[in-house]
């Protein structure tokens, strides 16, 4: 990704910081969600790996600097700024929660402590990458919960908002609990399991349905999934059953999926194919997935595309990136906003997770001291002086972490039903005192 993948005002501010001699100041920014979408009770953190890789490799090319030089907005910028960009590297520190961690409003997903210009320029990319993947992982967790134990496969690349989003969405969806994706690039880049065999065009390209099934079976063997609803779903099931083993199973992509799956199950069982599985797909939403599960349809796997890859019911997330403290020659100064509905708390923070809920405290405090039971500090250093500290864990580890952590949440918070129940998040006494002192 290029260094110009940012909003223009990040760069105009950067030029101003250099002009005012403020670029040497050390700034601390925090990225967090102001609020949850109306039908969410928690978020699932995702996108950290791509964010760190971007920071570690961030450079301005000569072509990019020449482009900036020609913009009217930089006509009065000091030459020192453009020279600064030639040597630009990310040299700061990043503290973050592990991918797959359930999070709540106001809790930092990551904290950046870096020279002011560096910390400012990277804002747009961090918000986009972490915000998008967190949004999709959070949606995936709901769809997986709605499926009640049935495997959910992400099918959304063709309906995503860009090919790039269509490749990142499977990664986030896998962290959120999906079994895999239809996107092969996501398999290559991120290690997400891939699924799929053939579309309706495969069946249509043959003179008869049985010939299409036999040819697919010859190609795919035990991985064969016959798409049986091109013409007549039940007749397609009979023909697939007549072809017999080897096969993984069949897929139904239209119609009354619950009713058809019951009839198809009878056909497969009668043919001695009790181990053959049934997959369903076709513009499925979280609500339709839940309805299938509630009626106990004999479905083994569910493909969800548009609704998952775009987080259809909540297609944006109110993530923000705010300056909370700055160190200059005169010492540290805490920063905050008082504006209505957008107020922030000053100072770098830590999130402490306890049995009774979360506490947002000052980064320097030990909120667990004197507590009964385990207390976990969620933010840990992941990058120091511009270098990633350790090898990022495989995406499967983030998925396992999410499954464990979501299962540990209170039942009311995990529920898909609308309610006033919220996960308890409080502010520590030390942070409250700092806030009162600074704002006074």
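Arranged from fewest to most other beta-carbon atoms within 10 Å of their beta carbon, 337, 322, 41 become 337, 322, 41. Once both labels are positioned 7 Å from their Cα atoms along Cα-to-Cβ, the gap between residue 355 and residue 427 label points is 2.8 nm. In this calculation the C-beta distance from residue 245 to residue 72 is compared with R0 = 56 Å, giving a FRET efficiency of 0.20. Helix-only arithmetic for the chain: the sum of -39500 (n - 2.57) across DSSP H runs with n ≥ 4, divided by the residue total, places the mean residue ellipticity at 222 nm at -11500 deg cm²/dmol. Ranking of 136, 121 by neighbouring Cβ atoms within 10 Å, starting from the fewest: 121, 136.
Between residue 158 and residue 419, the modelled label-to-label distance comes to 3.9 nm, taking each label 7 Å out from Cα in the direction of the beta carbon. Maximal additional length on extending the residue 287-residue 366 stretch stands at 24.2 nm, based on 0.36 nm per residue less the C-alpha distance. Whole-percent P(r), the chain, all Cα pairs, 20 Å bins from 0: 23, 47, 24, 6, 0. Please state the relative contact order of segment 352-415 as a whole percent: Cα pairs under 8 Å, 6+ residues apart? Computed over segment 352-415, the figure is 22 percent. Prolate is the label for segment 214-345, because a/c, from the alpha-carbon gyration tensor with a ≥ b ≥ c as root eigenvalues, is 1.5 or above and a/b exceeds b/c. Whole angstrom only: what separates the Cα centroid of segment 1-63 from the Cα centroid of segment 355-416? The two parts, judged by their Cα centres, are 22 Å apart.
Provide the FRET efficiency to the nearest 0.05 for the residue 88-residue 337 pair, computing r from the beta carbons and using R0 = 30 Å. Result of the calculation: an efficiency of 0.60. Taking a ≥ b ≥ c as the square roots of the eigenvalues of the alpha carbon gyration tensor, segment 160-200 is oblate, as a/c is not under 1.5 and a/b does not beat b/c. Placing a pseudo-label 7 Å from each Cα along the Cα-to-Cβ vector at residue 235 and residue 330 gives an inter-label distance of 8.3 nm.
Counted by neighbouring Cβ atoms within 10 Å, the residues 93, 208 run from fewest to most as 208, 93. If you average the C-alpha positions of segment 125-163 and of segment 66-90 separately, how far apart do those two centres end up, in angstrom? Answer, in whole Å: 38. Using a ≥ b ≥ c from the Cα gyration tensor of segment 196-280 (square roots of the eigenvalues), is it rounded, prolate or oblate, where a/c under 1.5 gives rounded and otherwise the larger of a/b and b/c decides, a/b for prolate? The shape class here is oblate. On the basis of the beta-carbon distance and an R0 of 25 Å, residue 439 and residue 8 show a calculated FRET efficiency of 0.20.
Computed from the coordinates by the stated procedures, all read-outs in this text should not be read as laboratory data. This is a predicted model, so every value here is computed, not measured. Please note: Cβ atoms are built from the backbone with ideal geometry, for glycine as well, and neighbour counts cover all protein chains shown.
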